[in-house]
Amino acid sequence: MNQCWKIAVIGSGPAGFYATGELFRQKSWEIRVDMFERLPTPFGLVRGGVAPDHQKIKSVQKIYSRIAENEKFRFFGNVEFGRDIFQADVMEHYDAVIYSVGSPADRALGIPGEDLFGSHSATEFVAWYNGHPDFCDYKFDLSASNAFVIGIGNVALDVARILAKTPEELAETDIADYALEALGASQLKDIWLVGRRGPLQAAFSPAELREFMELADAEVLVEEHALELDTESQQLLETEADNDTKKNIQLLTQIQERELFGKKRRVHFLFLTSPVEISGKDKVEKICMVRNQLVKREDGSLGPEATDEISEAEAGLVFRSIGYHGKPLPDLPFDKKTGTIPNECGQVKDPENGNKLRNREYVAGWIKRGPSGVIGTNKQDAVETVHRMLETFLNEKMEAGKNCNNPDIVPLLENRKVEYVSFADWKLLDAHETEAGQKQGRPRVKLTSIAEMLSVIRQKNN
Ligand code: NAP
């Protein structure tokens with residue numbers, strides 16, 4: 001009898017790697033992990049989401065690479081769940097599976113004009129400048145002089161900062177070459193960050209805000225009365241506000257008091273404002289916005305309520321950055337509202353079957369809890385899932401190898417002619433990109449097409 005548990009992990013972002021690391025930490029269980037990833041490259045949003053000028057954050061890849069060195073680990077890149085392998089395959093080949101596929105879609109504003117050319121999701125723009133193969137052909141009209149970024153979370157600040165940076169600042173990063181060229185020719189003058197609530201409710205972190213004070217050729221502005229807080233917000237600031245919120249208010253105050261130097265670009269923080277319509281003939285030309293006031297909601301928090309104060313501004317580009325959203329996976333339950341797979345502590349449950357728990361299917365990361373938290377948040381999240389899985393194995397008296405037919409997945413992939421990429425293959429690609437980067441004084445030069453990635457791997461293996 002095979003005493004080694006075989007676990008499939010779908011998705012190679014932080015949650016998938018933290019779950020794998022936790023599985024390998026178990027001393028009393030012998031566990032093998034096969035990780036499947038639809039791109040030839042691992043690390044999910046660490047490669048395709050974290051901003052190219054945030055290389056320190058990307059250093060978590062070293063931790064994930066160490067986990068991948070475990071002899072009980074195999075990586076199958078360029079294998080898409082729902083195209084190359086399916087839920088039934090995973091159930092047949094593995095004792096259990098952890099889906100850690102993240103939240104690849106975005107949320108819509110639901111206002112007229114949102115589909116005009118020039119109105120984009122932050123998700124698309126972020127994936128484009130990070131060289132994600134699915135987005136490398138996207139076009140953004142950077143001949144515009146005004147861009148509006150809707151939402152004031154950390155992703156919105158990433159978008160605004162990348163738009164505001166000079167070609168020299170961007171050239172030090174691993175931003176995709178085509179994005180470097182396009183942004184280098186950008187005519188943008190004013191970038192507006194639009195928050196529907198006040199500065200106290202902003203979702204960005206102080207470290208991200210502070211970076212705007214250090215931009216080479218862009219200054220940052222906070223509208224005149226923005227920091228005159230309403231009574232409720234002022235009370236919150238004095239009593240319940242956390243350190244990050246207090247720090248944000250201090251930084252915004254410093255920004256307001258700073259001298260202006262007439263730099264090439266300006267980044268404006270606009271609070272208590274919501275877009276109501278985006279308009280233009282064939283492309284975005286104008287944005288219509290309404291002023292909000294804060295009102296107490298049933299749960300005690302302060303929400304935005306539209307006033308009758310409407311304003312209109314010229315706009316060539318609009319980015320909605322109001323949160324990511326999960327996508328359903330074939331043969332798995334899905335909660336459309338939250339964009340997550342319904343689960344109890346990471347164990348998948350079936351709402352259409354009386355919330356029955358599935359003993360061999362688990363979730364970790366954003367597809368489990370929704371798109372919140374920093375990279376490290378996924379560690380505790382994945383640990384919870386792994387422990388739930390092991391407890392279930394014990395409680396249900398499940399035995400390794402008895403829950404599936406237990407064949408190896410490789411013959412199936414070969415029969416289906418899937419050109420999968422191993423971790424050793426990825427390391428060849430990694431070396432290729434970093435060597436190209438070294439020649440230009442950059443962390444790496446990214447390959448952005450799957451065909452090119454596979455071709456480099458084939459060449460290096462010959
Ligand atoms: P987020 O932090 O949830 O921020 C979403 C923003 O969109 C909020 O300002 C929210 O305002 C606003 N919003 C939501 N619905 C809206 C609507 N209908 N109209 C106007 N505004 C709306 O999401 P995110 O920025 O996508 O970031 C996702 C996660 O990744 C976060 O946990 C973030 O901290 C993390 N992240 C971290 C870093 C970093 O650490 N450097 C970088 C990028 C991302 P309300 O508050 O009013 O809802």
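Observations on the structure shown:
- Under 26 Å from residue 286, Cα to Cα: lysines that are on another chain or at least 8 residues apart: 139, 165, 189, 263, 264
- Pairwise FRET efficiency - residue 143 versus residue 417, Cβ, R0 = 45 Å, nearest 0.05: 0.55
- Accessible surface of segment 1-147 [probe 1.4 Å, protein heavy atoms]: carbon and sulfur percent: 49
- Crossing angle, helix 243-257 versus the chain [Cα axis fit, 0-90 degrees, rounded to tens]: 30
- Note on segment 257-380: Cα Rg divided by 2.2 N^0.38 Å, N the number of residues, gives 1.54.
- Once the mean of 1/r is taken over each pair of separate Cα atoms and inverted, segment 298-371 shows a Kirkwood hydrodynamic radius of 15.5 Å.
- Mean accessible surface per residue for segment 28-135, computed with a 1.4 Å probe while every protein chain stays in place, in Å²: 36
- Global geometry of segment 356-462, whether rounded, prolate or oblate, following the gyration tensor of its Cα atoms and the 1.5 cut on a/c: oblate
- Heavy-atom accessible surface of segment 326-404: percent carbon and sulfur, 1.4 Å: 48
- Sorting 263-269, 179-185 by their mean Cβ neighbour count within 10 Å, with the most densely packed peptide first, gives 263-269, 179-185.
- Gain upon complete extension [residue 213, residue 89; 0.36 nm per residue less C-alpha separation]: 39.5 nm
- Accessible surface computed residue by residue for segment 353-462, with neighbouring protein chains in place and a 1.4 Å probe, gives 53 Å² per residue.
- Here the 3J(HN,Hα) profile of segment 291-306, calculated from phi with Karplus coefficients 6.51, -1.76 and 1.60 at θ = phi - 60°, is 7, 10, 10, 8, 10, 6, 8, 4, 7, x, 7, 9, x, x, 10, 5 Hz, Gly and Pro shown as x.
- Here segment 299-399 is assigned +1 on the Cβ of each Lys and Arg and -1 on the Cβ of each Asp and Glu. Its dipole about the Cα centre then comes out at about 620 debye.
- Cross-link reach is defined here as a Cα-Cα straight distance under 23 Å, omitting same-chain residues fewer than 8 places apart; for residue 397 the lysines meeting it are 6, 27, 349, 356.
- Overall form of segment 295-341 per C-alpha gyration tensor (a/c, 1.5; a/b vs b/c): oblate
- The relative contact order of segment 125-193, computed from alpha carbon pairs under 8 Å that lie at least 6 residues apart in sequence, is 49 percent.
- For segment 167-206, convex hull of alpha carbons as volume per residue, Å³: 126
- Rounded, prolate or oblate (a/c below 1.5 giving rounded, otherwise prolate when a/b exceeds b/c) for the chain by Cα gyration tensor: prolate
- Per-residue extension of 0.36 nm, minus the Cα-Cα distance of residue 301 and residue 455, leaves a gain of 50.1 nm for this segment.
- The distance separating the Cα centre of segment 73-96 from that of segment 272-288 comes to 44 Å.
- Rounded percent of accessible protein surface that carbon and sulfur make up, segment 160-267, 1.4 Å probe: 46
- Whole-number accessible area per residue in Å² for segment 191-312, which is evaluated in the context of all protein chains at 1.4 Å: 55
- Set of aspartates and glutamates with alpha-carbon distance to residue 368 below 14 Å, sequence-local pairs under 8 removed: 335, 344, 350, 381, 384
- Per residue of the chain, the DSSP helices (runs of n ≥ 4 H) give a summed -39500 (n - 2.57) that works out to -9500 deg cm²/dmol at 222 nm.
- Note: relative contact order over the chain, using C-alpha pairs below 8 Å and six or more positions apart, is 23 percent.
The values are calculated or read from the model by the stated rules, or taken from the named source; none is laboratory data. Quick caveat, the model's predicted, so the values are computed rather than measured. So basically every Cβ, Gly included, is an ideal-geometry build from the backbone, and we count neighbours across all protein chains shown. Please note that ligands, DNA and RNA were not included when accessible areas were found on the heavy atoms of the full protein model with its side chains. Shrake-Rupley method; radii C 1.70, N 1.55, O 1.52, S 1.80 Å.
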